[in-house]
Amino acid sequence: CALLAVSNFPKLRVPEKRLQELVQAGASLPPMPVSGLLEKAMTAAEAGDVVSNRAVVLLSLLSHGNFGVGTEAQVVKPPKKVTEALGNAEDDAPAWSFEETAPSMLADKLDKEEPRSWEARKRKLRLWRMQHPALPFDWAMRWVAEAALEPYVKFATEILSEGLAYLDHCLEASKQKCAGKENHCDSSLKGLDVHLDTLLEHLEHAYTFEEQVERFSSKATSILFVKGIKENNKYMMINGGVRSMTEYVTKVMTRLVDPYAVTMFLEHFAQVSIEGDVKQEFADASGFKVIADMLKELAAWAPNTKKKWPKGHETLKMLCTISEKELHTKGLLRFALGAAALTKQPEEVASCMHDAMAMVLIEDLRGLRASHLLTSAGLETRLSDFQLAPPPISDRARLTSQLLAKLQNVKLQLEEYESLDVKVLEPWGLRNLEKEVLHVFELRQQIQMQSQAWAQVSIVEEDLTKPLLDRLRHLMRRMEQAQEQLRREEEERLDRAQRQQQEKAKDQSIQLAHTCATALRELLSKTGDGARMQEPTEQGFRKLQAACVNFVQARNKCQTLGANPGGLFEEAMQMARQAAQHFCEAPARQSAAKRRLRELGFGESVVQVLARAAMLERLPELRHAGAGAVLLNGLGLPPGAQAKLLHCSASGKLNDEHLRPMVPRGYMRRSSNSQGLDFLQAVQEGQPNLFVWPAEPEESVPPPLQPDEPPEDERFIGDDLWQAREAVYIVRARPGG
């Protein structure tokens, strides 16, 4: 039973061949009580049989009567010796396992209980939560280092993965312990301060676990740094003198990514004093660049936290006191400005950073003035960096960069122009350069900078600009004086030529206008009621439209040139409008006449007779004495209908006002710009515009009287009122009758 338990125990592995040998050997033994088996197994264990030792431990557990079957309250806890024996049994490697053992690293002497089996180490790291007591931190470090040195050994990859994860849990447990929380890890971090650098050297080529190694390195260094600064450990102090600056920067500063550790380092840096060769060594080791990277991380972290940096106000202000040479480090001041949001007085810190940025630019600009240059690689880098800062710094730095670019262009143009003859040059190009420079100054005034240091930047910029602008303006005056006479003569010549051309164009436009007016008149004729078309058809109207287009173009040309073609010009256009209106409104007027006749009681037969005789538009002419009867004579109208027409016309019921057409629904009257004629513009989209007005839809006509119904005679009621019904049959006029 003990042997089977050994073989089935998940943490122990027994080769199948060895297990069969033990089972066969046990089968030959006579039955004996459990105590007898225990004594025999003990005897075998003393001889050094590891498997038997495992059997002893498990048999001891099984010998407790309620092991594995009783409730938690009823289970008797195994003796301490049994538990220790179980641990020893798990840790020992059998002689038949063919497992390699790990070398000893990070320690002169291994602990007695520490296993050397790769497999046992992997198992303990994977099941670290089940270890009691907790798996020692220094063991895990040593195992990871040894696995990194032997990456091709079996289980080395698993030990690296599980080991780094366990070390990370221990680091987190150390932080939680400080916060009063317990964890199953070894939070003592034993050996971390002594062996961290060696461990990281061994892990340099563990590329598969690069992210885990980097995370462990950052956390471990941050913890050690915070602890060392609090304990005044010279090994972690920048002025401790234990490490070289290069080693300190690469092995301490670059690994600090935790915000708390970063802020503590910056506070430490602001408190200590490094000067002379030490400061130069620190700068040569890119120490200030690493500080800029730290400030960058704080600036990125600031918007995502509500925590404040208690000593951030003094620390960041202290950074501004280092020399301008170090302040030139790219990004240092800009990231410090972003980290100001973590302080309790962000506005004051930001103002300090603004002043520092201004002083850096002042130094660079003064260097340009002294060297008679307008650009430098360092200044361009600084301006590009400051343009990434929040407004108004970014806007102000952008204008400085634009100004220097404009001044450089001015300098190049001056060198080219001053070598040429001013008589053949135009000053407009230089004038544009001057405007561009002055425009930058105008934009600069729109940016409100509270810092007085930036006002000094503006003064230095003006000192750079003034000599170039003076040279520019002097050259422009010379150009203007040299070319003034030539320009005046050229203007006079052009003016004479232009006047001659204008007079010629006026004469041509007047001649063209008279030609178009003559062509337009030929299509029209005058009547007593106004102008009419000579050819009142669709083709004639199209001719009139084409003539009007030419006429309008000629008129517009005359107006543009200021030519006066005379009064006949407008008279021709007025006649064209009258004639076109009469033609286009004819269908609508006829419809209006039909509607009016029906309103006055005339039957459909009378309306049709008048329509066929083309008398609908001439109804207002019936009001003239004697002329009306002549117009109606011979149309074949019944006497009563004819008399009624004459009476209605004489009484003013058929005048022009009643026959005037109304604008159709859905249209508006508009005047064409290209033709000068009126047309109907559709209100709704998709409907066509019309020149010729549409006729009104015919209303339903009542059925005619029956043939056998006799016609009524006309009767008079009173002096003026007619009441008559026209005859059904209309006698057609006979020839000569």
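Summary of computed values
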{"quantity": "Residue within segment 415-429 that is more than 30 Å from R477 (Cα to Cα) and either surrounded by fewer than 19 Cβ atoms within 10 Å (Cβ to Cβ) or in contact with a helix residue (DSSP H, G or I) (Cβ under 8 Å, 6 or more places away or on another chain) (or both) present", "calculated": "no"}
{"quantity": "Residue check, A531 under 23 Å from V663 (Cβ atoms), of a type in the set (A, V, I, L, M, F, W, C), open to solvent by less than 60 Å² (accessible area, probe 1.4 Å) and outside any helix (DSSP H, G or I)", "calculated": "yes"}
{"quantity": "Among (1) open to solvent by 40 Å² or more (accessible area, probe 1.4 Å); (2) assigned to a helix (DSSP H, G or I); (3) in contact with a Ser or Thr (Cβ under 9 Å, 6 or more places away or on another chain) - the single one R598 does not satisfy", "calculated": "(3)"}
{"quantity": "Filtered residue count, segment 394-413, keeping only those that are closer than 17 Å to H372 by Cβ, free of Cβ contacts under 8 Å to residues at least 12 places away in the same chain and open to solvent by less than 50 Å² (accessible area, probe 1.4 Å)", "calculated": "0"}
{"quantity": "Those residues of segment 432-455 which are open to solvent by less than 80 Å² (accessible area, probe 1.4 Å) and in contact (Cβ under 8 Å) with a residue 40 or more places away in the chain, in sequence order", "calculated": "E434, V440, L443, R444, I447, M449, S451, A453, W454"}
{"quantity": "Qualifying residues in segment 348-380 (those that are under 21 Å from G312 (Cβ atoms) and of a type in the set (D, E)) - the one most open to solvent (accessible area, probe 1.4 Å)", "calculated": "E348"}
{"quantity": "Some residue of segment 422-430 being touching a residue at least 60 places away in the same chain (Cβ under 8 Å), part of a helix (DSSP H, G or I) and among the aromatic types (F, W, Y)", "calculated": "no"}
{"quantity": "Top-ranked residue of segment 501-551 - restricted to ones that are within 16 Å of E571 (Cα to Cα) and polar (S, T, N, Q), ranked as modelled with the lowest pLDDT", "calculated": "T527"}
{"quantity": "Which listed residue, of V226, V213, is over 18 Å from H169 (Cα atoms), among the aliphatic types (A, V, I, L, M) and buried (at least 18 other Cβ atoms within 10 Å of the Cβ)", "calculated": "V226"}
{"quantity": "Boolean, T537 is within 19 Å of D507 (Cβ to Cβ) and either polar (S, T, N, Q) or surrounded by 17 or more Cβ atoms within 10 Å (Cβ to Cβ) (or both)", "calculated": "no"}
{"quantity": "Residue, modelled with the highest pLDDT, within segment 301-310, restricted to residues that are farther than 11 Å from A340 by Cα and either open to solvent by less than 70 Å² (accessible area, probe 1.4 Å) or assigned to a loop (DSSP other than H, G, I, E, B) (or both)", "calculated": "P310"}
{"quantity": "Subset of segment 553-586 [among the acidic types (D, E) and either surrounded by fewer than 16 Cβ atoms within 10 Å (Cβ to Cβ) or without any contact (Cβ under 8 Å) to a residue 12 or more places away in the chain (or both)]", "calculated": "E570, E571"}
{"quantity": "Complete set of residues in segment 476-503 that are among the aliphatic types (A, V, I, L, M) and in contact (Cβ under 8 Å) with a residue 24 or more places away in the chain", "calculated": "M476, M479, A482, L486"}
{"quantity": "Residue, most open to solvent (accessible area, probe 1.4 Å), within segment 645-663, restricted to residues that are in a helix (DSSP H, G or I) and over 11 Å from L622 (Cα atoms)", "calculated": "E657"}
{"quantity": "Only listed residue being crowded, with 17+ Cβ neighbours inside 10 Å, more than 37 Å from the chain's Cα centre (by Cα) and not in a loop (DSSP other than H, G, I, E, B), chosen from V290, V249", "calculated": "V249"}
{"quantity": "Tabulated pairs, segment 456-475, first under 14 Å from K406 (Cα atoms), second open to solvent by 10 Å² or more (accessible area, probe 1.4 Å), C-beta under 7 angstrom, 6+ apart or interchain", "calculated": "L464/R369; L468/K411; L469/E434; L472/L433; L472/E434"}
{"quantity": "Filter result (under 60 Å from the mean Cα position of the chain (by Cα) and within 27 Å of P620 (Cα to Cα)) within segment 557-573", "calculated": "M573"}
{"quantity": "Evaluation of L316 against (1) part of a loop (DSSP other than H, G, I, E, B); (2) over 33 Å from the mean Cα position of the chain (by Cα); (3) of a type outside the set (S, T, Y) (one fails), failing number", "calculated": "(1)"}
{"quantity": "Per-region count, segment 340-365, residues within 11 Å of C320 (Cβ to Cβ) and not in a helix (DSSP H, G or I)", "calculated": "0"}
{"quantity": "Filter result (over 49 Å from the mean Cα position of the chain (by Cα) and in a loop (DSSP other than H, G, I, E, B)) within segment 664-692", "calculated": "P664, R665, Q675, G676, L677, F691, V692"}
{"quantity": "Candidates L383, L337 - the one that is open to solvent by less than 10 Å² (accessible area, probe 1.4 Å) and either modelled with pLDDT of 85 or more or part of a helix (DSSP H, G or I) (or both)", "calculated": "L383"}
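Results for (1) open to solvent by less than 30 Å² (accessible area, probe 1.4 Å); (2) within 23 Å of L383 (Cβ to Cβ); (3) among the basic types (K, R), shown as yes or no for each residue.
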residue	(1), (2), (3)
I238	yes, no, no
V257	no, no, no
Q271	no, no, no
I274	yes, no, no
E281	no, no, no
G312	yes, no, no
E326	yes, yes, no
L333	yes, yes, no
T343	yes, no, no
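The values are calculated or read from the model by the stated rules, or taken from the named source; none is laboratory data. Everything numeric here is computed off the predicted structure, so don't read it as measured data. Backbone-built Cβ (ideal geometry, glycine too); neighbour counts: all protein chains shown. Note: accessible area is taken over every heavy atom of the protein model, side chains too, but ligands, DNA and RNA are not part of it. Shrake-Rupley method; radii C 1.70, N 1.55, O 1.52, S 1.80 Å.
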